[in-house]
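The structure appears right after this line, and notes come after that.
The values are calculated or read from the model by the stated rules, or taken from the named source; none is laboratory data. These figures come from a predicted structure and were not determined experimentally. As a convention, Cβ positions derive from the backbone with ideal geometry for all residues, glycine included, and neighbour counts pool all protein chains shown. Surface areas here come from the heavy atoms of the whole protein model, side chains and all, with no ligands, DNA or RNA. Shrake-Rupley method; radii C 1.70, N 1.55, O 1.52, S 1.80 Å.
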Amino acid sequence: MTIELRQPGPGSKGREGEKSRTRPGPLAVRAARAVLFWERLWPALLPALAPGFIILILALFGVFAAVPSWLHWLALAAAGAVTVGATIRYGREASLPTRREALERLERDGAVAHAPLQALEDRPFGAGAQESPLWRAHLQDMARRAKLARLRAPRATADDRDPHALRFAAIGLFIVALVVAGPDRDARLASALTPNAAFKGGGAVADLWIEPPPYTGKAPIFLLRSGGAVSGSRAQIDAPEGSKVIATAADLRGVRLSITTSDEETKAVAADGQLRLPLKSGLVRMRIGGAEGRWPVAVIADTPPLARFIEPPATTDDARLAIAVAVEDDYGIASASLRLKLDPDQPRPLDAPALDEASIRAERVIELDGLAGETGERRFDLDLQADPWAGLKVIGRLVVRDGAGKEGATEEAAFALPARPFFNPLARAVVEQRQTLAVAPAEWHRAGRSFDALTLAPEAFYERPTDYLLVRTAFWRVMRQGGKDFSKTVSEFWPLALQLEDEALELARRRLEAAQDALRQALERGASDSEVSRLVEELREAMRQYLQALAESGQSMAEGEGGQGQSLNESDLEQMLDSIRDLSQSGAQNAARQALSDLENLLNNLRLSSRGGGQGQNPGQQGQGQSGQGGPAGAAGDLIGRQRDLANRSFERSGEPGATGDDLAREEGALSDDLRNLLDQLRAGESDPGGEASSALGEALTEMGRAEEALEGGDFGAANTAMERAIAGLRDGAEALAQEEARQAREGRGEGQSGPAVDPLGRPIGDAASGGVDVPEGLEGQRARDVLNELRRRLSDGKRSEEEIEYLERLLERF
């Protein structure tokens, strides 16, 4: 019988589908190829992986931590060389198996004869051969045999390369090394391929120190510096409570830091390139490579601060609370607060409600920012007139806190909070009902009825409709609150009382300050001429309204019979505004800002004068009858400026290392002599009949003596504190002298004498508008602008030398 072999034709499609169903699935073939590849790869990998595995085992046992880094490098180099050599030699054996090899593996694992899987992949030669009965019978037989094909587990091909099965011993040794490494296993594994860079040549490339808390002001205590010997024990080191132990190194993976106490051992964890531990009394241990250093440390406990009142809190003449306290702490005070409670036994007016239980239990906390600093005495005044408890008796204590958060407190003291006097009956009623809502909120109906009664018949009892509207608004605010929390209402009633006391003057003052701020900011940023002119006009209008309100309140600018040169009138202030505008337009920005500052000082002096005299006296008359620069008040003002300048220089000197204060001490001594001469004049004359100014200046003289002694000893901190107290005493004395001069001026003393007008501190203000910078006008203004343009043109020339550029810049800054 002859069989014709042909290539498959189009008609063989159905039989191809029948044949494909007998072949193994693609997953079986892929699995067989993967098994064959692993059997070839594993023997090739063994010699390449063995050196690295040995390195890991040695690292887990801590061998590399005890050897020099050069030996670690040598081991890594040898392991790398062996790995590369084994990869080159055996890597070619790990070739990818073909499909036919995978089919052979399936036939061999299934013990199938005649290679049926490969036979099913064959194609007959010749056309029509696939239609032959013999070929179909052959395929059917092969398909039946192919069902027996199997894939078994991979063969142990590594035995040819490792006949003694050392690989299993290595795995067991690796597990033992993991157990030995314990919690350091991760660090040891990480350092296996990184030779220890923190320890070289017997010296540590690492730093270890104790960092005290910032509030102590102590310098860090270095235990180890780079290049120092690590091994050994040191003497005990004392450090403040709250300190931290910090270590840095080129490679922290080879550094271990811990603190061992009698109870436990605390290990540091790396964070942000450092090892940190809170300090405890015990043993600081640092291990680098095979060396370990030990430092016994002891923590110095932080003692709580102490505070005591030097004298009971009292009310000053200007309705402030004067407090004198002495504080002590090992590192200084960080913050302080005044804790107040209402005195439950204080008498109450017949028409006032009793204090309720909640108000008696409540504690008011007033933070005192100025008490932070070193141990010593503190004297200061508090303005508590706006407090709802003003005028009531309280029990207070001063609580101080140090940098560690520990607190100390003074003994409790009973005193009355100062209250501001109100002369407007409506304002006084608002303040009284405000206090009722603060200390007895359950009696809110009483406050509501009081406000309601105050608003009866407004057409008969109210001259200004706004006053009626303000009081009526207060009534509805109380009634709509409905007995709920009145804290917001209490806070809002204080500005209401101030507004009722002098509504027009308060509003005019606020507008004046806003206009001054707007013009100042415009000058600082170099605004255009049109904007500056607009802001000047706004300031002019605000100033006119303020002066009008000042006059309506009985505090006119020029009262009495002084001469024209002794008064400050509105035209002078108008001329100063014109000067500011012209200086800005001519490019003299610095001069314009200085002129604005002079104007603000004059307006502030007007306000100070109205508060000091209480009767609206003219500040230009307060210096009448005095000679020199404003008489004793002017001399005191001059001493204030000199003392402040000396305090500034002392503060700057304190930041210089190794600085001395002998020259400053001599200047302070000269300043004390001048103040002593002024006191002699006051005691011999009539400028201080009540002795208030002499008392304040005497306290200032005492503080000057303390400052001089501190400067001689180089204690700039104590000197600055004493200087600040001396400035406060000088200021009090100058104000007392100014008030006395104003009183004498009202009584006619010095009448007929000529001299410049002075402000409440004795400074001449009569020629304020004409003094200072001459304002260019007309052609002079144009010439000034031409000069500025020429300076700018020359400065923009790139051929100028550095010296010329600096000179031109100084000229522009000046003009």
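Couple of notes before you dig in:
- Solvent exposure of the stretch 392-533 amounts to 50 Å² per residue of accessible area, where only protein heavy atoms count and the probe is 1.4 Å.
- Residue-level accessible surface for Y90, protein heavy atoms, 1.4 Å, Å²: 40 Å²
- I88 accessible area, assembled protein chains, probe 1.4 Å, Å²: 110 Å²
- When all alpha carbon pairs of the stretch 289-444 are counted in 10 Å bins from zero, the resulting P(r) reads 10, 33, 27, 15, 7, 3, 3, 2, 0 %.
- Taking only the Cα atoms of the stretch 395-460, the radius of gyration and Dmax are 19.4, 64 Å.
- Charged side chains reduced to their Cβ positions (Lys and Arg at +1, Asp and Glu at -1) give the stretch 305-392 a dipole of some 180 debye around its Cα centre.
- Dimensionless Rg/Rh of the stretch 631-713 - Kirkwood Rh, Rg from C-alpha atoms: 1.05
- Rolling a 1.4 Å probe over the protein heavy atoms leaves H445 with an accessible area of roughly 90 Å².
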